[in-house]
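In what follows, a single structure is set out as structure tokens and then discussed.
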Amino acid sequence: TEGWPLGVALAAGAGGAGAGGAGAGGAGRRGPSRDAVHDYFEEEVLVGLDPTLRRTVLAASAAPDLEVAQAAGVWPQAELAGAIDRRGLFVRDDDDDGGRVRRRFHPLFAQFLRARFADEVAPSERRAVAARVADALVSDGRGAAAVEHYIAAEAWETAAATIVREGPPLVRRQADTVAAWLDALPEPYAHLPALTLLAGQLAHGQGRFADAVALCRETVAGLDASGPPSLRFAARFALGDALMAVGDLNGVAALAGVLDDPAAVGDLAARAVGVFAAAALARQGAFDEGRAVFERALADPCARGLEGLDPTFRGYYLDLPAGHLDDALTHALESVAALEVADPTGRLPYALTYLMAIQEERGEDAEALATAARARARASDAGLAGWVGEAIAIRMASLLARAGDAAGAEAHLSEVTSRWHAWGAWEVETTRATIAARGGHEREARTAADRAIREAQARWPYFDRARCAALLAPVLAGAGHPGRARQIVQDTIAARPDGFSTGRLHALLAWLLHDEGDQAGSSEALAAAWTEAGDQARHLVRREWPRIERPLWDALARGAITVDDGVGALAAGLPGGAALDGFAHHPDPGVRRAVLLAAVAAGRPEGVERVGEFAHDPDPGVREAARMVAERIRRDPPPLGFRLLGGFELRRATWLVDDAAWDRRVAQRLVRFLLCRAGGPVIEDDLLAAFWPDASASAARRSLQVAVSAARAVLDPPGAQESRLTSAQRTYRLRLRDRDVVDADEFERAAQAALAKTGSGRRPALQAAAVLWGGEPLPEERYTEWAIPWRERLLDRHAAVLGALADAHADAGDLAAAVHVARQLAELDPLDEAAHRRLIIALARSGRRGHALRQFLACRHALVTTLGVEPGEETSALQRRLLAGESV
């Protein structure tokens with residue numbers, strides 16, 4: 001060790017030297033081994049220490065920091081400074097999670113000292129030191145950190161009591177830590193009801209459902225005769241969660257009796273158990289009974305924290321099975337928004353899962369996959385990766401398999417436990433059947449389909465059985481078993497309980513019958529689907545297109561579905577008008593006329609161009625409609641919708657203009673430039689300087705004229721009387737019509753009005769303005785000089801809205817919402833000290849002082865690493881007040 005400076009010794013150990021890795025000195029260069037570093041510590045630091053002081057230093061290493069060592073009495077205060085200075089002890093100052101500076105041994109040196117402590121000190125003395133350290137940690141408010149020291153002290157009773165106190169908040173976020181605590185306890189203590197409850201919650205989050213149910217039942221049984229009511233209700237909450245996972249809906253529904261317990265009055269967990277029971281009843285089809293139990297559960301004033309679950313219950317458990325998909329989506333989005341602000345029972349991952357299921361049923365698969373990714377991230381954060389995370393992986397695999405992405409589907413299926421017996425067990429098999437059918441393996445597809453049917457029919461409620469049939473019908477038909485597919489669909493329709501929609505199944509039956517040549521039966525089935533769906537038929541079109549294209553053609557021809565209902569659903573379900581093209585030559589002139597009007601209303605160029613074709617239709621009514629439509633286009637073209645927040649996008653009516661429609665990329669950028677000027681005139685020279693700075697004046701002007709022509713081809717339909725892109729005297733401007741919309745302008749108007757409001761209307765106005773913010777303004781032009789002032793104005797206005805909204809929430813006493821909005825503001829600009837202070841104050845006032853101190857550290861880290869400056873005095877003073885326990 002001769003000649004090793006301290007920094008080299010520590011860096012070698014901390015960086016894993018001795019493991020054969022390359023060091024800073026070059027590839028393949030080996031640092032000193034761990035044993036050599038420990039020899040260095042022994043010879044240079046401990047040798048020559050007074051035996052008592054040596055023993056003290058070793059004992060101090062058992063504590064996480066020297067302050068705790070002092071509080072535990074294992075490091076006398078008087079000897080601290082002298083020992084550090086005289087002996088060169090490797091001590092450093094670190095910030096802890098609460099923002100306090102603590103003195104600690106360097107990790108490598110601490111590891112060395114603990115090894116010597118274990119070798120040189122008797123077990124009884126080590127246990128005594130561990131007990132004193134644990135007591136000191138508890139006194140310092142660090143009970144969770146004390147547990148491992150109580151375990152090391154073999155103070156089992158105190159360790160168990162501390163786990164009971166500290167474990168519940170950590171059982172999801174730090175599952176491995178809690179599991180290690182429980183594993184360390186000897187047998188008698190492991191069966192304490194409060195600890196079996198923790199073990200059951202761990203098993204549930206990890207997807208070990210049989211263990212979860214058994215442990216939660218053991219807890220409930222152990223608490224029936226005695227035990228605090230709060231623990232009894234918490235145990236039933238955990239049991240309900242576990243039973244719901246395995247589909248034991250009867251068992252969950254039976255828990256509704258908890259609401260009859262007099263002790264349930266004022267207990268949030270008891271009310272949450274009632275919500276579980278209501279959901280189980282509704283899932284079984286007992287909608288009225290489930291609604292009554294749900295309302296009873298929320299009737300207690302203590303259940304205010306559960307109000308965010310009300311839209312979840314209505315959307316997923318009532319609207320979805322009834323086929324009310326618009327209401328279901330509205331309620332699901334409302335629930336997610338509410339739970340993102342306040343989620344006392346950890347239901348946000350579930351709410352996102354329900355939202356994904358609703359989007360999928362509506363045929364919005366891309367949106368469903370995006371929501372699924374959010375749900376998985378939230379589930380992982382909540383310690384539910386083994387339960388909610390795997391259930392979502394099943395749904396994602398199913399979506400990808402149906403989209404033809406077999407590799408992606410297989411990747412998600414590989415994440416699912418081989419013996420999965422929870423929700424989605426049947427969907428694992430439908431996904432395998434889908435993959436096999438698409439790969440041409442018909443026998444494998446049929447075998448997997450049979451397993452799915454048996455699983456769905458044996459264990460799961462009607463909604464799941466109906467969905468299983470809907471997913472399997474295309475698979476079996478594609479695998480050469482259309483008769484089997486039809487029989488499954490018909491049997492499932494026949495078994496429908498009251499209150500469930502079978503519109504989707506009737507639509508699939510229409511497709512299967514049409515392929516068998518039964519056009520009359522097909523039209524009758526599709527008419528039944530339309531009747532059940534009502535104004536939601538557009539979702540059937542989107543979900544089952546193109547399977548129902550030919551059945552819809554025939555049903556319209558037979559009059560089984562009215563023209564308005566059929567073409568209306570077609571236009572609304574597949575916006576943009578592409579699906580209408582196939583019906584332009586329908587034999588019914590009423591259909592052709594409706595298609596003409598819908599195609600033009602959709603704004604798709606092909607639809608507009610087809611007006612001339614309809615002008616020569618053999619039916620006079622269609623010809624007259626074409627004439628009127630052509631005149632309307634000339635005078636009042638379809639409205640344009642510009643999205644600038646979050647990325648550029650243009651819609652003409654419902655048609656999304658893709659990049660290919662812009663003949664030249666510069667034409668799109670030209671439109672963006674003019675939009676940034678909010679309709680004001682732009683002189684030609686500004687455009688030439690922005691887009692063709694290096695071209696000659698004549699070449700630049702020619703390029704500008706080409707770009708303007710290309711932009712007009714997108715902005716204006718054929719035959720338009722006036723262009724939206726006008727030019728006069730070498731100036732250009734966008735003259736948008738009354739029905740045209742620019743999202744950035746809508747946001748600015750709402751923001752300006754909200755910021756000017758006072759009184760009770762201010763907070764809702766600010767909330768409405770905040771909702772209109774779609775993201776970074778024109779990220780495509782992030783570094784473009786002409787866009788910078790416009791972008792900065794919008795970003796400043798957004799920050800002003802968020803700041804005012806956070807203050808409004810705080811003034812109204814809604815601290816959870818204030819924290820949520822203040823965090824958005826701090827994330828918007830990590831270098832904005834005022835935003836960090838607003839979040840720190842909101843966190844502190846909501847009782848989360850530790851989080852507030854951590855936010856100060858985040859603020860300091862951003863400023864120091866980015867700008868090289870410390871926080872200002874106002875921010876630092878705020879931290880000092882928090883550390884002193886003062887109110888802010």
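The values are calculated or read from the model by the stated rules, or taken from the named source; none is laboratory data. What you are looking at is a predicted structure, and each value in this text was computed from that prediction instead of being measured. Please note: Cβ atoms are built from the backbone with ideal geometry, for glycine as well, and neighbour counts cover all protein chains shown. Heads up: the accessible areas ignore ligands, DNA and RNA and are worked out on the full protein's heavy atoms, side chains in. Shrake-Rupley method; radii C 1.70, N 1.55, O 1.52, S 1.80 Å.
Points worth noting:
- By the helix-only formula, in which each DSSP H run with n ≥ 4 contributes -39500 (n - 2.57) and the sum is divided by residues, the chain has a 222 nm mean residue ellipticity of -20000 deg cm²/dmol.
- Near-label residues of the range 808-836 by backbone N, under 18 Å of a point 7 Å along Cα→Cβ of Ser887: 810-816
- Neighbourhood charge, 9 Å Cβ-Cβ cut-off, centred on Leu471 and excluding it, Lys, Arg +1 and Asp, Glu -1: +1
- For Phe287, net neighbour charge (Lys/Arg +1, Asp/Glu -1) across residues whose Cβ lies under 12 Å away: -1
- Applying 0.36 nm per residue to the separation of Leu831 and Ser380 and subtracting their alpha-carbon distance, the gain on full extension is 159.5 nm.
- Over the chain, relative contact order from alpha-carbon pairs under 8 Å, at least 6 apart, %: 6 percent
- Heavy-atom accessible surface of the chain: percent carbon and sulfur, 1.4 Å: 50 percent
- FRET efficiency for Ala816 and Asp261, using Cβ-Cβ distance with R0 set to 25 Å, rounded to 0.05: 0.30
- Extending 7 Å from the Cα toward the beta-carbon at both Asp659 and Glu549 defines two label points whose distance is 2.7 nm.
- Protein-only accessible surface order, largest first, of Asp288, Asp743 at 1.4 Å: Asp288, Asp743
- On a per residue basis, the convex hull of the C-alpha atoms belonging to the range 545-632 measures out at 80 Å³.
- Student exercise, the chain dipole from Lys, Arg, Asp, Glu Cβ charges, in Debye to nearest 20: 1100 debye
- Helix 348-361 axis versus longest C-alpha principal axis of the chain: approximately 20°, rounded to the nearest ten.
- 9 Å beta-carbon shell around Val563, net charge (K/R +1, D/E -1): -2
- Using the Cβ-Cβ distance between Ala756 and Asp515 with R0 set to 35 Å, the FRET efficiency from 1/(1 + (r/R0)^6) comes to roughly 0.05.
- 10 Å Cβ shell holding at most 10 others, DSSP loop, GluC sites (Glu not before Pro): longest site-free stretch of the chain: 3-885
- In this calculation the C-beta distance from Asp581 to Asp619 is compared with R0 = 25 Å, giving a FRET efficiency of 0.85.
- Centre separation in Å (Cα based) which lies between the range 410-458 and the range 530-562: 29 Å
- Computed label-point distance, nm, for sites Glu43 and Arg419 using a 7 Å Cα→Cβ extension: 5.7 nm
- In degrees, nearest ten, helix 762-771 long axis to first principal axis of the chain (Cα): 70 degrees
- Put a dot 7 Å past the Cα of Asp686, heading toward its Cβ, do the same for Asp535, and the two dots end up 4.4 nm apart.
- Residue-normalised accessible area of the chain, given per residue in Å² at a 1.4 Å probe: 44 Å²
- Angle of helix 325-341 to the longest C-alpha principal axis of the chain, folded into 0 to 90 degrees and rounded to 10: 30°.
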